[in-house]
Amino acid sequence: MSSTDNSYVRTEMLPEREAPTGNVGIVGWIRKNLFPDVFSSILTLIALFFIYQLLAGLVPWLTGGIWNASSLSECREIIGDGPAAACLAVIHERFWQLMYGFYPSDSYWRPNLAFILLFAAISPVLFDGVSRKMFIATATVPFIGPWLLWGGSFWAPVTAALGFVVGYFVYKLVAKSMNNLLALILGPLAAIIWWLVISGYVSSGLASVIPLGLEPVASRDFGGFMLAVTLGITGIALSFPLGIVLALGRLSDLVIIKTLCVGFIEFIRGVPLITLLFVAQVMLSYFLPKGTDFDIILRVMIMITLFASAYMAEVIRGGLAALPTGQYEAADALGLDYWQAQRLIIMPQALKISIPGIVSTFIGLFKDTTLVSIIGLSDPIGWVKLIQSNSEWTGVVWELYGFVALVFFLFCFSMSRSSMYLERKLQTGHN
Amino acid sequence: MSSEVEFDHHTDRSKLKVSDEVAIEITDMNKWYGSFHVLKDINLTVNRGERIVVCGPSGSGKSTLIRCINRLEEHQQGTIIVDGTELSSDLKNIDKVRSEVGMVFQHFNLFPHLTIMENCTLAPIWVRKTPQKEAEETAMHFLEKVKIPEQAHKYPGQLSGGQQQRVAIARSLCMMPRIMLFDEPTSALDPEMIKEVLETMIELAEEGMTMICVTHEMGFAKEVANRVIFMDAGQIVEQNEPNEFFDNPQSERTKLFLSQIL
Ligand SMILES: Nc1ncnc2c1ncn2[C@@H]1O[C@H](COP(=O)(O)OP(=O)(O)OP(=O)(O)O)[C@@H](O)[C@H]1O
Ligand SMILES: [Mg+2]
C-alpha cells in the first residue's frame with residue numbers, strides 16, 4: 001500500500017447541520033422512548049391500556065364523590081342506583097381528627113408553628129442562600145418545638161437547654177485543667193445532674209417570678225398525622241446523631257466501645273420494632289422507679305429512635321467504608337485531630353455518600369410510626385379504626401385508608417425529592 | 001523511566017545552603033507489619049535545608065519510611081526525632097508534629113467536597129487558629145506560587161492531575177511546615193504534568209525547604225538533591241551525592257536498579 005492511502009488532510013471544516021426530523025422535539029421523544037421497536041411498542045400499548053382502565057375507574061369514583069353526608073348510609077342513599085362514588089364526606093367530617101386527633105382545636109397553631117420552625121431549622125442544610133444565622137433556629141427548635149406541642153412553663157425548655165450549656169462549660173473547664181477523658185465523663189454527668197436535680201427548682205423559681213407558659217396538652221390527646229409527624233421527626237432528629245456515634249463507635253480501636261456498639265446494633269436489628277414498642281408500653285415501667293410517670297409518647301419515641309439509630313449506624317458505616325484511606329491520611333498529615341478530621345473531612349463526605357440510605361431509613365421510620373396504633377396510640381391508622389368503629393361510618397374503608405395513604409405518600413415523596421435535590425447540590429465534580 | 005524531564009532553568013547549586021542544625025534524626029529504627037519486617041536498622045540524619053531523594057524497587061519500604069516520619073505509621077524499635085521531638089506512643093501531641101511536617105501523596109488526596117481555597121485554608125484555620133481572612137491571603141500567595149490562583153473557587157474534581165498535585169503542595173505549604181515529605185508525587189501523572197509539578201518542587205528546594213522525596217525522577221534528583229538514598233528490602237543500601245550516585249554506583253543492587261530505570 002502506498003503511503004498516500006493512509007494520509008489524509010481535511011481542507012474544509014464541516015458546517016453544523018440540522019438534526020434529522022423525528023430526532024428532536026416531542027415526536028422524537030415519543031418515538032425514542034415509547035415506540036423504539038415492535039416489542040417496546042406492544043409493552044407501551046399494554047401499559048397504556050392498564051393505566052386507562054385504572055383511571056377510568058378511579059376518576060369518576062373520586063369526582064362523583066359525595067362530600068355532604070353525615071353517615072355512610074346517607075352517602076349510599078345519595079348515590080342510589082348511580083355509578084359507584086366515593087363517600088368523601090367521612091374525610092370532610094373527620095379531617096381535623098385525622099390530622100390532629102384530640103388536640104385542642106384552638107391550639108392547632110402550636111403544632112403548625114412547630115412544623116414551620118422545623119423548616120426554618122433545616123433550611124440552612126437545604127438551601128445555599130439562607131443566612132448562617134438560621135443555625136440559631138436549628139439549635140433552638142429542639143427545645144421550643146416540644147414546648148409548643150406539650151405546653152407548660154416556658155422555663156422548662158430554657159432550663160433544659162441550659163443543661164447543655166452547663167455540660168459544655170464543665171467539659172471545657174475540666175479539659176483545660178485536668179484531662180480530656182475525665183472531661184468527657186464529667187461534662188455529661190454535670191448536665192444530667194442539672195436536668196434531674198437542679199433544673200426543676202430553677203424552672204419553678206423562674207416561673208414564680210415571671211409566669212410565662214402555654215396551656216398544657218396531655219399526650220393522650222395527641223393523634224392523627226400530628227402524632228405520626230411528631231414521632232417521625234423526633235425519631236429522625238435523634239437517630240441521626242446517635243447513628244453517627246454508633247457508626248464511629250463500631251469502627252473504634254477501643255475494644256469495649258466497639259463491642260458495646262456492635263452488640264447494640266446487632267441486638268436492635270435482630271428484634272422487630274413492634275416488640276420494642278410492646279416493651280415501651282408494658283415493660284419499661286418495671287425498670288423505672290415506682291411512681292415515676294413516664295409519658296407513653298416519650299417511651300415510644302425512645303424505642304423508635306433506638307430502632308432507627310441501629311439502621312442509621314449501618315448506613316453511615318457504609319458511607320465511611322466507601323471513603324478512600326487517603327482522606328484520613330491527608331487529614332492526619334495536616335495535623336487535624338480526630339474530631340476535627342471527622343467533622344470537617346470524613347463525615348461531610350461519608351454522609352453525602354449515604355444520603356440515599358439515610359433518607360430510606362428516614363422514610364422507613366416515618367412509615368413505621370403507624371405501628372404505634374397496635375399499642376393503642378391514635379395515629380392516623382388508629383384514627384381510621386376509631387372512625388370505623390363509629391356506627392355512622394362502619395364500612396368505610398377505601399376512602400379512609402386512601403386518604404391516609406395519600407398523605408403519607410406526600411410526606412415520603414417530598415423527603416425523597418429533597419434528598420435527590422440535596423445530592424445534586426452536594427455534587428462537586430467527578431470524584 | 002526512559003526519558004528525563006528537561007527543566008527550563010538551572011539551579012545554582014552553590015546557593016542551596018544546608019545548615020548544621022538537625023531536622024530529622026532516625027536511629028536504629030525497625031518496623032514490622034505484623035510479623036513482616038519492613039524496615040531494618042534505618043539510620044538517617046537530615047539537616048535543615050537538605051533535599052533528599054529516596055529511590056528503590058517497589059515494595060522496598062520507601063513509603064513506609066517517610067510515613068514513619070510524620071507517624072502515619074508507628075515504628076517499633078529505635079528512635080525518630082523530628083524537629084527536636086521524639087516520636088513515641090506516649091507522645092500526646094502528635095498533631096503538633098504533623099502540622100510542622102507537610103506531606104504530599106501520590107494520589108493527591110485533596111478533599112473533594114471543598115473548593116481549592118477551602119482545601120488550603122482548612123488546616124491553618126482549625127489547627128493554627130489563623131483568622132480566615134489571613135488564611136485566605138496566605139493560600140492565595142501559595143496558589144500563585146504553584147501558578148494556579150485562578151482555580152481557587154473550583155473543586156478538585158474539576159482540575160487536571162498536575163493542577164491537583166500542585167494544589168496539594170500549596171495546601172501543605174499553607175501550614176508553613178519546616179519539613180516537606182513527598183511520596184512519589186509525580187508517578188500518577190502524565191509527562192507534561194510531571195514537569196509542572198517538579199518545577200514547583202525545585203522552586204521550593206531553592207527556597208531552602210528541608211525535603212525528603214520518594215521519586216524516580218532522576219532529572220529532579222540531579223537538579224536539586226544533595227543526597228540520593230537507595231533502599232532495597234527495607235534497608236538503606238547506598239547513599240551518595242547525586243552525581244556520584246548515578247555515575248559511580250558502588251553496590252551491585254544499585255547498579256542493577258539503575259540499569260533498569262535509566
Ligand atoms: N498496611 C500494610 N500492612 C502490611 N504490609 C504492608 C502494609 N503497607 C505496606 N506493606 C508492605 O510493606 C512493604 C513496603 O511497602 P511500601 O509501601 O513502603 O513500599 P514502597 O517502597 O513505597 O513501594 P512502591 O514503590 O510500590 O510504592 C511492601 O512489601 C508492602 O507489601
Ligand atoms: Mg510507595
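The values are calculated or read from the model by the stated rules, or taken from the named source; none is laboratory data. Bear in mind that the values here come from a model prediction, so they are computed numbers and not experimental data. Don't worry about glycine lacking a Cβ; one is built from the backbone with ideal geometry, like all the others, and counts go over all protein chains shown. Side chains included, ligands, DNA and RNA excluded: accessible areas come from the protein's heavy atoms. Shrake-Rupley method; radii C 1.70, N 1.55, O 1.52, S 1.80 Å.
Does region A:374-383 hold any residues that are open to solvent by 20 Å² or more (accessible area, probe 1.4 Å) and small (Gly, Ala, Ser), and which are they?
A:376, A:378
What is the number of the single condition among (1) crowded, with 17+ Cβ neighbours inside 10 Å; (2) away from chain B (no Cβ under 14 Å); (3) more than 18 Å from the chain's Cα centre (by Cα) that residue A:428 does not meet?
The one condition residue A:428 does not meet is (2).
How many of the residues in region A:292-325 are within 10 Å of another protein chain (Cβ to nearest Cβ) and farther than 20 Å from residue A:427 by Cα?
Summing the residues that are within 10 Å of another protein chain (Cβ to nearest Cβ) and farther than 20 Å from residue A:427 by Cα in region A:292-325 gives 1.
Does any residue of region B:114-121 turn out to be within 13 Å of chain A (Cβ to nearest Cβ), at pLDDT 90 or above, open to solvent by less than 30 Å² (accessible area, probe 1.4 Å) and in contact with a Cys (Cβ under 8 Å, 6 or more places away or on another chain)?
Among the residues of region B:114-121, at least one is within 13 Å of chain A (Cβ to nearest Cβ), at pLDDT 90 or above, open to solvent by less than 30 Å² (accessible area, probe 1.4 Å) and in contact with a Cys (Cβ under 8 Å, 6 or more places away or on another chain), which makes the answer yes.
Out of (1) farther than 30 Å from residue A:99 by Cβ; (2) in a loop (DSSP other than H, G, I, E, B), the odd one out for residue A:216 is which?
Here residue A:216 clears every test but (1).
All but one of (1) more than 14 Å from chain A (Cβ to nearest Cβ); (2) on the phi > 0 side of the Ramachandran plot; (3) buried (at least 18 other Cβ atoms within 10 Å of the Cβ) hold for residue B:147, so report the exception by its number.
(3) is the only condition that residue B:147 fails.
Scan (1) part of a helix (DSSP H, G or I); (2) over 20 Å from residue A:418 (Cα atoms); (3) within 12 Å of chain B (Cβ to nearest Cβ); (4) open to solvent by less than 20 Å² (accessible area, probe 1.4 Å) for the single condition residue A:350 breaks and write down its number.
(2)
Given the conditions (1) within 14 Å of another protein chain (Cβ to nearest Cβ); (2) away from ligand 2 (no atom under 16 Å from the Cβ); (3) surrounded by 19 or more Cβ atoms within 10 Å (Cβ to Cβ), and given that residue B:108 satisfies all but one, which numbered condition is not satisfied?
Status for residue B:108: all satisfied but (2).
Determine if region A:252-262 includes at least one residue that is more than 27 Å from residue A:196 (Cβ to Cβ), among the acidic types (Asp, Glu) and assigned to a loop (DSSP other than H, G, I, E, B).
Among the residues of region A:252-262, at least one is more than 27 Å from residue A:196 (Cβ to Cβ), among the acidic types (Asp, Glu) and assigned to a loop (DSSP other than H, G, I, E, B), which makes the answer yes.
Would you confirm whether any residue within region B:235-242 is among the polar types (S, T, N, Q), modelled with pLDDT of 85 or more and within 28 Å of residue B:33 (Cβ to Cβ)?
Yes - at least one qualifying residue is present in region B:235-242.
Considering only residues of region B:50-83 that are touching a Ser or Thr at 6+ places or on another chain (Cβ under 9 Å), among the acidic types (Asp, Glu) and more than 9 Å from ligand 1 (Cβ to nearest atom), which is farthest from residue B:225 (Cα to Cα)?
My answer is B:74.
Here is a list: A:289, A:356, A:272. Which entry is modelled with pLDDT under 90 and not aliphatic (A, V, I, L, M)?
Residue meeting the stated conditions: A:289.
Take the residues in region B:61-73 that are assigned to a loop (DSSP other than H, G, I, E, B) and more than 9 Å from ligand 2 (Cβ to nearest atom), then tell me which one is nearest to residue A:327 (Cα to Cα).
B:72
Take the residues in region B:30-58 that are within 18 Å of the chain's Cα centre (by Cα) and without any contact (Cβ under 8 Å) to a residue 24 or more places away in the chain; name whichever of them is farthest from ligand 2 (Cβ to nearest atom).
In this case the residue turns out to be B:45.
Tell me, please, whether a residue that is within 30 Å of residue A:385 (Cα to Cα), loosely packed, with under 11 Cβ neighbours inside 10 Å and out of contact with any Gly (no Cβ under 8 Å at 6 or more places or on another chain) can be found in region A:61-75.
Looking for residues that are within 30 Å of residue A:385 (Cα to Cα), loosely packed, with under 11 Cβ neighbours inside 10 Å and out of contact with any Gly (no Cβ under 8 Å at 6 or more places or on another chain), one finds at least one in region A:61-75, hence yes.
I need a count of the residues in region A:384-425 that are more than 14 Å from every other protein chain (Cβ to nearest Cβ), among the charged types (D, E, K, R) and open to solvent by less than 90 Å² (accessible area, probe 1.4 Å).
Matching residues across region A:384-425 total 2.
Among the residues that make up region B:125-134, is at least one of them more than 8 Å from chain A (Cβ to nearest Cβ) and open to solvent by less than 10 Å² (accessible area, probe 1.4 Å)?
no
When you look at residue A:105, is it touching a helix residue (DSSP H, G or I) at 6+ places or on another chain (Cβ under 7 Å), hydroxyl-bearing (Ser, Thr, Tyr) and without any contact (Cβ under 8 Å) to a residue 12 or more places away in the chain, yes or no?
yes
If you check every pair at least six apart or on different chains, which have Cβ atoms under 8 Å apart with a residue in region A:294-308 that is within 13 Å of residue A:365 (Cβ to Cβ) first and a residue that is among the small types (Gly, Ala, Ser) and open to solvent by 10 Å² or more (accessible area, probe 1.4 Å) second?
From residues that are within 13 Å of residue A:365 (Cβ to Cβ), the pairs are A:308/A:364.
Here's the yes/no breakdown for (1) polar (S, T, N, Q); (2) in contact (Cβ under 8 Å) with a residue 60 or more places away in the chain:
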{"position": "B:70", "(1), (2)": "yes, yes"}
{"position": "B:82", "(1), (2)": "no, yes"}
{"position": "B:99", "(1), (2)": "yes, yes"}
{"position": "B:117", "(1), (2)": "no, no"}
{"position": "B:124", "(1), (2)": "no, no"}
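Does residue A:369 satisfy the criteria of being polar (S, T, N, Q) and open to solvent by less than 30 Å² (accessible area, probe 1.4 Å)?
When the stated conditions are applied, residue A:369 passes them.
For region A:353-384, which positions are touching a helix residue (DSSP H, G or I) at 6+ places or on another chain (Cβ under 7 Å) and not in a helix (DSSP H, G or I)?
Residues satisfying the conditions are A:374, A:375, A:377, A:378, A:379.
When both residues are 6+ apart or on different chains and their Cβ atoms are under 6 Å apart, which pairs have a first residue that lies in region A:385-400 and is over 10 Å from residue A:73 (Cα atoms), and a second that is of a type in the set (Phe, Trp, Tyr)?
As it stands, the answer is A:387/A:393, since those pairs meet every condition given.
Do the conditions hold for residue B:160, that is, is it surrounded by fewer than 18 Cβ atoms within 10 Å (Cβ to Cβ), within 16 Å of ligand 1 (Cβ to nearest atom) and small (Gly, Ala, Ser)?
no
Take residue A:359 and tell me if it is buried (at least 20 other Cβ atoms within 10 Å of the Cβ), touching an Asp or Glu at 6+ places or on another chain (Cβ under 8 Å) and away from chain B (no Cβ under 14 Å). Break it down into steps so the answer makes sense when it comes.
On the way: buried (at least 20 other Cβ atoms within 10 Å of the Cβ): yes; touching an Asp or Glu at 6+ places or on another chain (Cβ under 8 Å): no; away from chain B (no Cβ under 14 Å): yes.
Against the criterion (buried (at least 20 other Cβ atoms within 10 Å of the Cβ), touching an Asp or Glu at 6+ places or on another chain (Cβ under 8 Å) and away from chain B (no Cβ under 14 Å)), residue A:359 does not qualify.
Report the residue count in region B:64-105 for those that are surrounded by 16 or more Cβ atoms within 10 Å (Cβ to Cβ) and within 11 Å of chain A (Cβ to nearest Cβ).
So the answer is 18.
Would you be able to say whether some residue in region B:174-192 is touching a residue at least 12 places away in the same chain (Cβ under 8 Å), surrounded by 20 or more Cβ atoms within 10 Å (Cβ to Cβ), within 16 Å of ligand 1 (Cβ to nearest atom) and more than 14 Å from every other protein chain (Cβ to nearest Cβ)?
Yes, there is a match, as at least one residue in region B:174-192 is touching a residue at least 12 places away in the same chain (Cβ under 8 Å), surrounded by 20 or more Cβ atoms within 10 Å (Cβ to Cβ), within 16 Å of ligand 1 (Cβ to nearest atom) and more than 14 Å from every other protein chain (Cβ to nearest Cβ).
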